[in-house]
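Below is one structure, written out as structure tokens; comments come after it.
The values are calculated or read from the model by the stated rules, or taken from the named source; none is laboratory data. Remember, predicted model here, so these are calculated numbers, not experimental data. Cβ sites come from the backbone with ideal geometry, for glycine too, and all protein chains shown count toward neighbours. SASA here: full protein model, heavy atoms, side chains in, ligands and nucleic acids out. Shrake-Rupley method; radii C 1.70, N 1.55, O 1.52, S 1.80 Å.
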Protein chains: 2
Amino acid sequence: MLQFTDIQAAAARLKGVAHRTPALTSQTLNDMLGAQVFMKAENLQRMGAFKFRGGYNSVNVLTDAQRARGVVAFSSGNHAQAVALAARLHGCKATIVMPHDAPALKLAATRGYGAEVIIYDRYKEDRAAIATALVEERGAALIPPFDHLPVMAGQGTAALELIEDVGPLDALIVCAGGGGFLSGCTVAAKHLLPNIEVFGAEPERGNDMQQSLRAGKIVSIEVPRTICDGQQTQAVGKHPFEVIQALVTDVFAVPDPATVEAMRFAFERMKVVLEPSGANALAALMQNKKRFEGKRVGITLSGGNIGIDRFIALMTGVEPVD
Amino acid sequence: MLQFTDIQAAAARLKGVAHRTPALTSQTLNDMLGAQVFMKAENLQRMGAFKFRGGYNSVNVLTDAQRARGVVAFSSGNHAQAVALAARLHGCKATIVMPHDAPALKLAATRGYGAEVIIYDRYKEDRAAIATALVEERGAALIPPFDHLPVMAGQGTAALELIEDVGPLDALIVCAGGGGFLSGCTVAAKHLLPNIEVFGAEPERGNDMQQSLRAGKIVSIEVPRTICDGQQTQAVGKHPFEVIQALVTDVFAVPDPATVEAMRFAFERMKVVLEPSGANALAALMQNKKRFEGKRVGITLSGGNIGIDRFIALMTGVEPVD
């Protein structure tokens, strides 16, 4: 299982490379909720999401010989950009396998970091098989998006920094997809504050982690239909689940309209941009006011990679949210 | 003239009350400009703009007896909210004189901080006369928006913090309206770094400060037609101009479309929300790339108080920008 010392080692590797993102506070939010809230602004992280932490740590732990053969990732989202940027910073080659319908902005950003992008047809080809073939042909190292200890350790540095910066917390709510971020943050938080309660937050229509935690085993679902494009995972990873089952109190399933309201609050009151999957934890907190009254609560603002066009579509109802 | 010791004293008063806002960096921006840019994110300040610094300092320097008689300000914008919040934090009464057509959001926010709002007709009544009458009737202390040493000293703490946090800079660009922010930041920066070049940035259609600096005397203009609602001042203040004339290198006049592009860049690449008057300095930097190549440049992101509806109107051209 992931250990706190892994996270400390990752923090040392990330020092001076990742941004030490601020812990934002809002008196308006505190007054609304009757709680003291500290928000780890990972939307202000390099490449716009916490994923940089895990991607960089994973490339950094490779040997020089491994890095010389390059790294491979398959992702349509923030993990692609994280691995691409991490590889560039290490002077090694990254190959990213992305679906043919990935957003142009994300394709451009990944190529902008110098990665080779291999496009596959989401409906006809198996991305894992393509990546495996690349690994075998080139001897490249595969960097999985969440079910990978160096990724989990890197993500956990966010909670480590938050607690170092703001002191004791009664609770921590973390945005959750495959569980890399939640498991890393949980190990860090529980080591530093054994009595803290840690919660995940995921879209209601993709509540596989909530189901898994309650069933005591990993439950797989169909690709969920949700606006939260960073949390369309079908099942939590094995390594993350080991941590989550042991140490996480509960997982909140957040309806998409509540996530949109959290994005709106973040824009108008906190002046920060959140992508849908970056706003779940804030939405979960707002929806569960009673549970956190009078408490010191940490939450993650996990990412801000959304174009203005899509932001407008979500705020005006042009992209349906239900 | 404003002294550095005034700014140090203001910094001591603001410690633990104002947010120490982060200095944001963007590798994308650095690569675009060939410079190293450090952005003081005052949009993340309490009430969403640097104005809190000057408002709080001005209320704090009053005697208990003065505060017991309350404070008065006239403003349709961020200064109103700053004084209202500062008064609440000191447990004293604030009366804010606002025009009848002030945005509902700003009226609501000012009342939300517990201030009494007095509405006047912008076209029929003289707001200065109304405020003066209040001062005389109630014995309240008037807090002017920029032409006031305690306001200027408070605003200057932003540059003090920026330089403390990021080290030496070759240049600093500050958003400028009446000159309170620019003059305060200039005194701080020039004291700490005597060789730094300091610049103002104002809307092209409201370039009274540029005209004043070049003419060597204060030039007044008609209320400028610009999207930058925080910079529709008709003339720089006397106390700020004393500093600006002595120590500022130049003032950039920024066309509104460039300001909109800077707001777009801030949203999509930096994940932060800027109001038009908060984006001038970034726009000025982007428009004057050659001048700052190879340099370490500080800029202010001075405020983020814009509703989603107006942001969308500016981004989609529904509110004309020309």
Out of A:126, A:101, A:121, sole residue that is in contact with a Lys or Arg (Cβ under 9 Å, 6 or more places away or on another chain) and more than 16 Å from residue A:71 (Cα to Cα): A:101
task: Give the range B:234-287 a look and list any residue that's open to solvent by 50 Å² or more (accessible area, probe 1.4 Å), within 14 Å of chain A (Cβ to nearest Cβ) and in contact (Cβ under 8 Å) with a residue 24 or more places away in the chain, or say none.
output: B:261, B:264, B:269
query: Do any residues in the range B:154-174 that are at pLDDT 95 or above have Cβ atoms under 8 Å from those of residues that are among the acidic types (Asp, Glu) and open to solvent by 10 Å² or more (accessible area, probe 1.4 Å), where the two are at least six apart or on different chains, and which pairs are they?
result: B:156/B:6; B:170/B:197; B:171/B:197; B:172/B:197
statement: Only one of A:153, A:176, A:158 is over 19 Å from residue A:70 (Cα atoms) and in contact with a Cys (Cβ under 7 Å, 6 or more places away or on another chain), namely A:158
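Within the range B:73-80, is there a residue that is open to solvent by less than 20 Å² (accessible area, probe 1.4 Å), within 14 Å of the chain's Cα centre (by Cα), of a type in the set (S, T, N, Q) and away from every other protein chain (no Cβ under 14 Å)?
yes
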message: What pairs come out if I take residues in the range B:310-322 that are within 8 Å of another protein chain (Cβ to nearest Cβ) and pair them with residues that are open to solvent by less than 50 Å² (accessible area, probe 1.4 Å) and part of a helix (DSSP H, G or I) whose C-beta lies under 6 Å away, six or more apart or interchain?
response: B:312/A:312; B:315/A:308
message: Tell me whether the range A:295-302 contains one or more residues that are away from chain B (no Cβ under 14 Å), of a type in the set (A, V, I, L, M) and touching a helix residue (DSSP H, G or I) at 6+ places or on another chain (Cβ under 6 Å).
response: yes
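Collect the residues in the range B:219-266 that are aromatic (Phe, Trp, Tyr) and closer than 19 Å to residue B:292 by Cα, keeping them in residue-number order.
Hits for the range B:219-266 are B:252, B:265.
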message: Name the residue that is surrounded by the most Cβ atoms within 10 Å (Cβ to Cβ), counting only residues in the range B:148-182 that are of a type in the set (Gly, Ala, Ser) and closer than 25 Å to residue B:293 by Cα.
response: B:176
message: Name the residue that is nearest to the other protein chains (Cβ to nearest Cβ), counting only residues in the range A:1-50 that are on the phi > 0 side of the Ramachandran plot and buried (at least 20 other Cβ atoms within 10 Å of the Cβ).
response: A:48
field: Failed item in (1) more than 13 Å from every other protein chain (Cβ to nearest Cβ); (2) open to solvent by less than 10 Å² (accessible area, probe 1.4 Å); (3) of a type outside the set (Val, Ile, Thr), with residue B:56 passing the rest
entry: (2)
message: Going by what's in this entry, would residue A:114 be described as within 14 Å of chain B (Cβ to nearest Cβ) and touching a residue at least 40 places away in the same chain (Cβ under 8 Å)?
response: no
- prompt: Of all residues in the range A:310-322 being exposed (fewer than 12 other Cβ atoms within 10 Å of the Cβ) and of a type outside the set (Val, Ile, Thr), which is nearest to residue B:318 (Cα to Cα)?
  reply: A:317
message: Quick test for you: out of B:167, B:154, B:70, pick the one residue that is in the same structural domain as residue B:223 (by TED's automatic domain parsing), small (Gly, Ala, Ser) and over 22 Å from the mean Cα position of the chain (by Cα).
response: B:167
message: Quick test for you: out of A:142, A:134, pick the one residue that is open to solvent by 20 Å² or more (accessible area, probe 1.4 Å) and more than 20 Å from residue A:19 (Cβ to Cβ).
response: A:142
message: Testing residue B:90 on (1) open to solvent by less than 50 Å² (accessible area, probe 1.4 Å); (2) of a type outside the set (A, V, I, L, M, F, W, C); (3) under 20 Å from residue B:279 (Cβ atoms), one condition comes back false. Which one is that?
response: (3)
Failed criterion for residue A:307 (all others in (1) at pLDDT 95 or above; (2) open to solvent by 10 Å² or more (accessible area, probe 1.4 Å); (3) over 16 Å from the mean Cα position of the chain (by Cα) hold): (1)
message: Any residue at all in the range A:229-252 that's closer than 22 Å to residue A:102 by Cβ and in contact with a Lys or Arg (Cβ under 8 Å, 6 or more places away or on another chain)?
response: no
- request: Could you please find all residues in the range A:160-217 being of a type in the set (Ser, Thr, Tyr) and over 11 Å from residue A:236 (Cα atoms)?
  value: A:186
